[in-house]
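The values are calculated or read from the model by the stated rules, or taken from the named source; none is laboratory data. As the structure is a prediction and not an experimental result, all values here were calculated from the model. Virtual Cβ from ideal backbone geometry, glycine too; neighbours counted across all protein chains shown.
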Amino acid sequence: MAYSYYGKVLIPFEELKEKIERYIDYYNNERIKQKLAGMSPVKYRTLASQLAA
């Protein structure tokens, strides 16, 4: 069975799963947001929780 991701056919399913997991990791840990003071979402949440403690 073939799966597609952004218009590309990926075989096998494990390859698709790996690409999605890498994107989720990038989205949460590396992507910088201006609204979050130039930090990634995970960094921002970590800093906010440290300040609240």
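Observations on the structure shown:
- Condition check for TYR3: aromatic (Phe, Trp, Tyr) and within 17 Å of the chain's Cα centre (by Cα): no
- Checked against (1) out of contact with any strand residue (DSSP E or B) (no Cβ under 8 Å at 6 or more places or on another chain); (2) over 28 Å from SER4 (Cβ atoms), ILE24 passes all but condition (2).
- Count of residues meeting criterion [at positive phi and surrounded by 12 or more Cβ atoms within 10 Å (Cβ to Cβ)] in the range 1-37: 0
- Odd one out for LEU51, checked against (1) part of a helix (DSSP H, G or I); (2) surrounded by 10 or more Cβ atoms within 10 Å (Cβ to Cβ): (2)
- Condition met for SER40 (at pLDDT 90 or above, exposed (fewer than 13 other Cβ atoms within 10 Å of the Cβ) and among the hydroxyl-bearing types (Ser, Thr, Tyr)): no
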